[in-house]
Structures are given as structure tokens and as C-alpha cells.
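The values are calculated or read from the model by the stated rules, or taken from the named source; none is laboratory data. Bear in mind that the values here come from a model prediction, so they are computed numbers and not experimental data. Every residue, glycine as well, gets a Cβ built from its backbone with ideal geometry; the counts of neighbours run over all protein chains shown.
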Amino acid sequence: MKPQVLAVRVIADAEPQLCAQLQLGAEQHALGLVTCTSDDALYAALDEGTKAAPVDVVYARSFYAGSNYPSGPLSGEVLGIYAGRDPDEVRAALDACLDYLAREAWFYAADERGASPSSRT
């Protein structure tokens, strides 16, 4: 069950009010936002981004209605936000995050017999 990334945005120089609301450090004014259909997958992928670039995860929240009940077409089940000094660092973190979501951060479902959805007839 692969997660679906719904929206990715970079804010190169966030407004001071937003930075204050997110309680960012003085040097953190570039933001990277990502929404996804799977909260567990995105949490793991956000961590991967922090290993690829000098950024912090400053916001990561699930929306508990579930991926089948998003509030909008790009909201998904979870929102994550990186903060860094410049947009290039944030983009590097987002790239690592997206790569991890595409290659590794997914689940396998099995029924009572141990069959995955793709193996059922």
C-alpha cells in the first residue's frame, strides 16, 4: 500500500508572522511543505529528509478522518513542514523525503490467510 504524495510546496522566504507561529529560529525562513495519504509513511520519510539536509521538521500532524476522508483534494491524511536557512536546503530535504516515500515507505497488507491484495483471485 504505497502512499500518494498530494502536494509539495517550497516557500523561499516565509512571512515573519508564519515563522513566529511555527516558532522558527531566526535563521529559519525557508519552508518545505508536503501532504500525503499515509501519516506513518510520511513521518518516516520526513526523518529521512533531515538526514539529507540541515533542516528541521517543524510541523507534522495527522488528520484523523483518514485518507479516505480528506478535507480537500490536496490535504491528505498528514501535513509535514521542514524549515531551513535557504530554499536549496529545503528542496534537498523534500527530494530525499519524496524518494523515500517512492522507494521504501509503504506497507504490505495481508488477509487472514496471509495473502496480499495483489495475490488474491
- Message: Looking at (1) loosely packed, with under 11 Cβ neighbours inside 10 Å; (2) β-branched (Val, Ile, Thr); (3) at pLDDT 60 or above, which one does Val90 not meet, given that it meets all the others?
- Response: (1)
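So that you can scan it fast, the table gives a plain yes or no per residue for (1) modelled with pLDDT of 95 or more; (2) of a type in the set (Asp, Glu); (3) under 15 Å from Leu6 (Cβ atoms):
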position: Ser38; (1), (2), (3): no, no, yes
position: Asp56; (1), (2), (3): yes, yes, no
position: Ala65; (1), (2), (3): no, no, yes
position: Gly72; (1), (2), (3): no, no, yes
position: Arg85; (1), (2), (3): yes, no, no
position: Tyr100; (1), (2), (3): yes, no, no
position: Ala115; (1), (2), (3): no, no, no
position: Arg120; (1), (2), (3): no, no, no
- Item | Answer residue from the range 84-103, given it is of a type outside the set (A, V, I, L, M) and more than 13 Å from the chain's Cα centre (by Cα) and is farthest from Ala12 (Cα to Cα) among those | Arg103
- Message: I'd like the full set of residues that are part of a strand (DSSP E or B), more than 10 Å from the chain's Cα centre (by Cα) and of a type outside the set (A, V, I, L, M), limited to the range 21-42.
- Response: none
- Which condition does Leu18 not pass, out of (1) more than 16 Å from Asp95 (Cβ to Cβ); (2) touching a residue at least 24 places away in the same chain (Cβ under 8 Å); (3) more than 9 Å from the chain's Cα centre (by Cα), if it passes all the others? (2)
- Message: Under 7 Å between Cβ atoms, which residue pairs at least 6 apart in sequence (or on different chains) link something in the range 78-97 that is of a type in the set (Asp, Glu) with a partner that is modelled with pLDDT of 95 or more?
- Response: Asp86/Ala30; Glu89/Ala30; Glu89/Ala53; Glu89/Pro54; Glu89/Val55
- Could you tell me which residue of the range 40-66 is farthest from Asp88 (Cα to Cα), considering only residues that are of a type in the set (D, E, K, R) and in contact with a Phe, Trp or Tyr (Cβ under 8 Å, 6 or more places away or on another chain)? Asp40
